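S.K.: Dropping the structure in here first, questions after.
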């Protein structure tokens with residue numbers, strides 16, 4: 001990453017304005033004014049947002065910044081669960097639906113705020129009786145269900161911090177995360193449903209716990225009822241654990257800087273990184289971004305399709321929407337089981353208003369065809385969102401027209417596990433540019449810079465950085481503050497460096513080009529993979545593509561493309577040449593793939609991000625590093641690779 005200038009070659013996109021009727025009732029009707037206010041005094045801006053929430057004790061100062069460690073709202077006392085649940089019980093929202101869930105088998109659960117609070121309190125009492133108290137860790141290993149969110153909230157309510165492990169992880173991945181946090185209690189389920197089959201969570205949990213000496217109790221939610229094995233004296237069912245409890249558990253008073261959760265992310269080498277977020281700052285960041293970005297209104301039914309096991313689910317299923325008093329929809333299982341109409345049936349059946357999903361899902365539905373969504377009434381939708389990786393313009397337009405009927409603004413959000421909440425996006429009242437995330441959220445000082453931290457001119461790519469701390473930021477890496485400093489604050493000295501390449505256009509819109517590790521150096525030209533991939537996907541035959549660089553004696557690197565075709569198209573040498581020429585026509589001969597391979601699937605994390613480093617490693621015969629987040633339904637790791645056991 002010594003060179004940094006990136007040649008941005010993707011065509012500029014037209015601005016798509018928000019519909020006039022949407023603008024009339026927008027939560028933030030004048031985004032430019034909001035940004036201007038935040039620029040003038042960012043700490044005052046965040047203090048104003050924090051004042052909307054309940055605090056047991058107000059802060060002494062907004063921020064203490066001891067580079068690179070931030071302490072937001074020092075002196076303040078709070079608990080995020082008080083703001084997500086307790087305070088609503090004193091208002092009309094007490095009997096409003098907080099959480100609505102449908103399983104893959106059609107089973108439903110509905111919780112009002114009062115009912116959700118009671119269930120959280122019952123589990124909180126059970127955890128306290130098991131010896132869990134302030135500062136302890138509770139590990140949660142479940143599939144998508146309300147009890148997953150309840151376990152998170154119950155842990156936070158009593159002052160414990162939670163460690164949610166995605167239900168698709170292997171026993172090894174679960175074991176490592178339990179042992180790193182030294183937790184005493186694991187909350188899991190007998191299983192979950194995915195593509196019509198039971199995912200045997202309890203069996204994987206048993207394998208992990210056998211190598212976790214600190215675990216004393218395992219609470220098992222019986223989702224499937226298939227007779228999962230139970231270990232006497234250690235295991236207890238959820239119903240047994242909460243039986244006879246009133247649910248009036250006391251909410252622990254926490255300092256704003258007390259840890260709320262640790263969430264592990266994979267790295268290219270070494271062990272996963274434990275990202276730590278705290279009660280106060282994370283609470284403020286998720287509250288305001290949920291309200292402003294998703295234009296949340298009391299009549300909305302909000303569906304974020306992520307799993308609560310990922311940061312997207314933490315921030316925009318559990319905490320952010322509930323702090324705002326929203327009604328949240330959750331769905332278990334696969335989007336195409338029993339058929340590809342499932343999501344659209346759910347939107348029609350429940351009248352869902354906001355859909356927040358990943359470009360991977362959008363491209364999958366594009367491949368399956370418009371005939372599926374066209375069968376259902378999607379008119380309840382009023383806002384669409386994208387998360388996980390840059391959305392290419394072709395997918396953006398399909399999402400806008402086919403799913404949104406051309407009337408729904410799209411918020412294309414950029415953020416990370418580390419950032420805690422969205423940092424870059426257009427707000428719904430702003431014009432969007434397909435393929436560009438947009439502007440820094442008010443109060444976020446994001447920039448595109450060179451290695452020395454100098455801002456890049458418009459049209460010239462560089463490192464995507466954040467110059468100043470923000471409330472929802474990670475506070476450290478669990479047990480590893482030195483690695484925190486090295487990984488995030490030393491690449492571009494003095495700035496948070498996300499690891500992504502980006503470019504800002506003449507209008508100030510930021511387009512994320514992909515990971516810096518995915519930047520290609522072709523004959524001295526540095527090209528982002530996202531732009532070449534977008535050019536490929538703009539061809540009628542292509543639904544999805546991934547591009548990597550392979551060594552070349554003359555040009556140093558040349559692009560190689562992996563392409564998934566739409567149904568109705570067959571791989572051929574003629575189509576191969578046509579696609580490579582299409583890239584040259586779209587963005588220039590320098591970006592033309594030297595080779596192109598047709599594939600049925602691409603390696604992805606379970607949150608939908610394409611693992612280009614895995615393609616690159618396998619192409620070059622190198623070790624692939626940590627693959628614990630790899631989706632087992634995507635391209636597998638070769639069986640003889642040493643990390644293959646952690647596929648899940």
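S.K.: Which of the following residues is buried (at least 24 other Cβ atoms within 10 Å of the Cβ), over 19 Å from the mean Cα position of the chain (by Cα) and not in a strand (DSSP E or B): 285, 320, 280?
M.R.: Working: 285 fails: over 19 Å from the mean Cα position of the chain (by Cα); 320 fails: over 19 Å from the mean Cα position of the chain (by Cα).
Of the residues listed, the single one that is buried (at least 24 other Cβ atoms within 10 Å of the Cβ), over 19 Å from the mean Cα position of the chain (by Cα) and not in a strand (DSSP E or B) is 280.
S.K.: Among the numbered conditions (1) at pLDDT below 95; (2) on the phi < 0 side of the Ramachandran plot, tell me where residue 410 comes up short.
M.R.: Here residue 410 meets the rest and fails (1).
S.K.: Residue 35 fails exactly one of the following numbered conditions: (1) without any contact (Cβ under 8 Å) to a residue 24 or more places away in the chain; (2) in a helix (DSSP H, G or I); (3) within 28 Å of the chain's Cα centre (by Cα). What is the number of that condition?
M.R.: All conditions are met except number (1).
S.K.: Which one of these does residue 187 not meet: (1) touching a helix residue (DSSP H, G or I) at 6+ places or on another chain (Cβ under 8 Å); (2) closer than 30 Å to residue 69 by Cα?
M.R.: Unmet for residue 187, out of (1) touching a helix residue (DSSP H, G or I) at 6+ places or on another chain (Cβ under 8 Å); (2) closer than 30 Å to residue 69 by Cα: (2).
S.K.: Of the residues that sit in region 217-227 and are in contact with a strand residue (DSSP E or B) (Cβ under 7 Å, 6 or more places away or on another chain) and in a loop (DSSP other than H, G, I, E, B), which one is surrounded by the fewest Cβ atoms within 10 Å (Cβ to Cβ)?
M.R.: Looking at residues that are in contact with a strand residue (DSSP E or B) (Cβ under 7 Å, 6 or more places away or on another chain) and in a loop (DSSP other than H, G, I, E, B), I get 226.
S.K.: Of all residues in region 134-156, how many are within 15 Å of residue 111 (Cβ to Cβ) and part of a helix (DSSP H, G or I)? Write out each step before concluding.
M.R.: Our first condition is that a residue be within 15 Å of residue 111 (Cβ to Cβ); within region 134-156, this holds for 144-154.
Right, trim to part of a helix (DSSP H, G or I) and you get 146-154.
Summing the residues that are within 15 Å of residue 111 (Cβ to Cβ) and part of a helix (DSSP H, G or I) in region 134-156 gives 9.
S.K.: Same structure again: Name the one entry in 168, 159, 131 that is part of a loop (DSSP other than H, G, I, E, B), out of contact with any helix residue (DSSP H, G or I) (no Cβ under 6 Å at 6 or more places or on another chain) and more than 23 Å from residue 254 (Cα to Cα).
M.R.: 168
S.K.: Quick test for you: out of 325, 333, pick the one residue that is in contact with a helix residue (DSSP H, G or I) (Cβ under 7 Å, 6 or more places away or on another chain) and on the phi > 0 side of the Ramachandran plot.
M.R.: None of the other options fit; the residue is 325.
Every residue, every condition in (1) at pLDDT 95 or above; (2) more than 25 Å from residue 322 (Cβ to Cβ), yes or no:
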{"residue": "142", "(1), (2)": "yes, no"}
{"residue": "149", "(1), (2)": "yes, no"}
{"residue": "156", "(1), (2)": "yes, no"}
{"residue": "165", "(1), (2)": "no, no"}
{"residue": "175", "(1), (2)": "no, yes"}
{"residue": "184", "(1), (2)": "yes, yes"}
{"residue": "191", "(1), (2)": "yes, yes"}
{"residue": "214", "(1), (2)": "yes, yes"}
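S.K.: Quick check on my filter: what residues within region 369-394 are touching a residue at least 40 places away in the same chain (Cβ under 8 Å), outside any strand (DSSP E or B) and buried (at least 18 other Cβ atoms within 10 Å of the Cβ)?
M.R.: Of everything in region 369-394, those that are touching a residue at least 40 places away in the same chain (Cβ under 8 Å), outside any strand (DSSP E or B) and buried (at least 18 other Cβ atoms within 10 Å of the Cβ) turn out to be 382, 387, 388, 389, 390, 391, 392, 393, 394.
S.K.: Can I ask one more? With the requirement that a residue be without any contact (Cβ under 8 Å) to a residue 40 or more places away in the chain and surrounded by fewer than 24 Cβ atoms within 10 Å (Cβ to Cβ), what does region 161-176 give you?
M.R.: Initial filter on region 161-176 (without any contact (Cβ under 8 Å) to a residue 40 or more places away in the chain): 171, 174-175.
171, 175 - these are the residues of region 161-176 that are without any contact (Cβ under 8 Å) to a residue 40 or more places away in the chain and surrounded by fewer than 24 Cβ atoms within 10 Å (Cβ to Cβ).
S.K.: With a cut-off of at least 3 residues that are buried (at least 17 other Cβ atoms within 10 Å of the Cβ), name the strands (runs of 3 or more DSSP E) lying wholly within region 530-613.
M.R.: 542-552, 556-565
S.K.: Here is a further query. Filter region 416-430 for residues that are assigned to a loop (DSSP other than H, G, I, E, B) and on the phi < 0 side of the Ramachandran plot and give the result.
M.R.: Hits for region 416-430 are 416, 417, 418, 419, 421, 422, 423, 426, 427, 428, 429, 430.
S.K.: Filter region 177-201 down to residues that are over 18 Å from residue 337 (Cα atoms), surrounded by fewer than 24 Cβ atoms within 10 Å (Cβ to Cβ) and touching a residue at least 60 places away in the same chain (Cβ under 8 Å), then give me how many there are.
M.R.: Within region 177-201, residues that are over 18 Å from residue 337 (Cα atoms), surrounded by fewer than 24 Cβ atoms within 10 Å (Cβ to Cβ) and touching a residue at least 60 places away in the same chain (Cβ under 8 Å) number 2.
S.K.: Looking at region 497-508, which of the residues that are within 13 Å of residue 460 (Cα to Cα) and surrounded by 24 or more Cβ atoms within 10 Å (Cβ to Cβ) is modelled with the lowest pLDDT? Give the steps one after another, and end with the answer.
M.R.: Let us first name the residues in region 497-508 that are within 13 Å of residue 460 (Cα to Cα), namely 501-506, 508.
Going one step further and asking which of them are surrounded by 24 or more Cβ atoms within 10 Å (Cβ to Cβ), we end up with 501-504.
Numbers: 501: 89, 502: 93, 503: 94, 504: 96.
Filtering first and then ranking leaves 501.
S.K.: Tell me which residues, restricted to region 395-436, are closer than 18 Å to residue 544 by Cα, in contact with a helix residue (DSSP H, G or I) (Cβ under 6 Å, 6 or more places away or on another chain) and buried (at least 22 other Cβ atoms within 10 Å of the Cβ).
M.R.: 395, 399, 435
S.K.: Go through (1) under 19 Å from the mean Cα position of the chain (by Cα); (2) crowded, with 23+ Cβ neighbours inside 10 Å for residue 358 and report which single condition fails.
M.R.: With respect to (1) under 19 Å from the mean Cα position of the chain (by Cα); (2) crowded, with 23+ Cβ neighbours inside 10 Å, residue 358 is out only on (2).
S.K.: Another question, then. Can you find a residue in region 290-310 that is in contact with a helix residue (DSSP H, G or I) (Cβ under 7 Å, 6 or more places away or on another chain), in a helix (DSSP H, G or I) and crowded, with 24+ Cβ neighbours inside 10 Å?
M.R.: Kept after step one, since they are in contact with a helix residue (DSSP H, G or I) (Cβ under 7 Å, 6 or more places away or on another chain), are these residues of region 290-310: 290, 296, 301-302, 304-308.
Still in the running and in a helix (DSSP H, G or I): 290.
In the following step, the residues that additionally are crowded, with 24+ Cβ neighbours inside 10 Å were identified as 290.
Yes, there is a match, as at least one residue in region 290-310 is in contact with a helix residue (DSSP H, G or I) (Cβ under 7 Å, 6 or more places away or on another chain), in a helix (DSSP H, G or I) and crowded, with 24+ Cβ neighbours inside 10 Å.
S.K.: Now for a separate question. Considering only residues that are in contact (Cβ under 8 Å) with a residue 12 or more places away in the chain and out of contact with any strand residue (DSSP E or B) (no Cβ under 7 Å at 6 or more places or on another chain), look in region 231-242 and name the one that is surrounded by the most Cβ atoms within 10 Å (Cβ to Cβ).
M.R.: 242
S.K.: Looking at (1) in a helix (DSSP H, G or I); (2) closer than 29 Å to residue 265 by Cα; (3) touching a helix residue (DSSP H, G or I) at 6+ places or on another chain (Cβ under 6 Å), which one does residue 94 not meet, given that it meets all the others?
M.R.: (2)
S.K.: If I filter region 334-354 for residues that are buried (at least 22 other Cβ atoms within 10 Å of the Cβ), outside any helix (DSSP H, G or I), under 19 Å from the mean Cα position of the chain (by Cα) and modelled with pLDDT of 95 or more, do I get at least one hit?
M.R.: Yes - at least one qualifying residue is present in region 334-354.
S.K.: For the structure I just gave you, tell me whether residue 91 is surrounded by fewer than 17 Cβ atoms within 10 Å (Cβ to Cβ) and closer than 23 Å to residue 299 by Cα.
M.R.: Against the criterion (surrounded by fewer than 17 Cβ atoms within 10 Å (Cβ to Cβ) and closer than 23 Å to residue 299 by Cα), residue 91 qualifies.
S.K.: Okay, moving on. With assigned to a helix (DSSP H, G or I), out of contact with any helix residue (DSSP H, G or I) (no Cβ under 6 Å at 6 or more places or on another chain), touching a residue at least 24 places away in the same chain (Cβ under 8 Å) and crowded, with 19+ Cβ neighbours inside 10 Å as the only criterion, which of 118, 122 stands out?
M.R.: After applying the criteria, what remains is 118.
S.K.: Let me ask another. Please go through region 549-585 and give me each residue that is more than 31 Å from the chain's Cα centre (by Cα) and either closer than 28 Å to residue 371 by Cα or in contact (Cβ under 8 Å) with a residue 40 or more places away in the chain (or both), ordered by number.
M.R.: 551, 552, 568, 569, 570, 571, 572, 575, 576, 578, 579, 582
S.K.: If you don't mind, there's one more thing I want to ask. For region 59-73, enumerate the residues that are surrounded by fewer than 17 Cβ atoms within 10 Å (Cβ to Cβ) and touching a helix residue (DSSP H, G or I) at 6+ places or on another chain (Cβ under 9 Å).
M.R.: Of the residues in region 59-73, the ones surrounded by fewer than 17 Cβ atoms within 10 Å (Cβ to Cβ) are 60-61, 64-67, 69.
Passing the criteria: 61, 67, 69.
S.K.: Tally up the residues in region 94-104 that are exposed (fewer than 14 other Cβ atoms within 10 Å of the Cβ) and more than 18 Å from residue 150 (Cα to Cα), please.
M.R.: Residues that pass the stated criteria total 0.
S.K.: Which numbered condition trips up residue 283, out of (1) in contact with a helix residue (DSSP H, G or I) (Cβ under 6 Å, 6 or more places away or on another chain); (2) under 29 Å from residue 611 (Cβ atoms)?
M.R.: (2)
The values are calculated or read from the model by the stated rules, or taken from the named source; none is laboratory data. Quantities reported herein were computed from a predicted structural model and do not represent experimental measurements. Cβ sites come from the backbone with ideal geometry, for glycine too, and all protein chains shown count toward neighbours.
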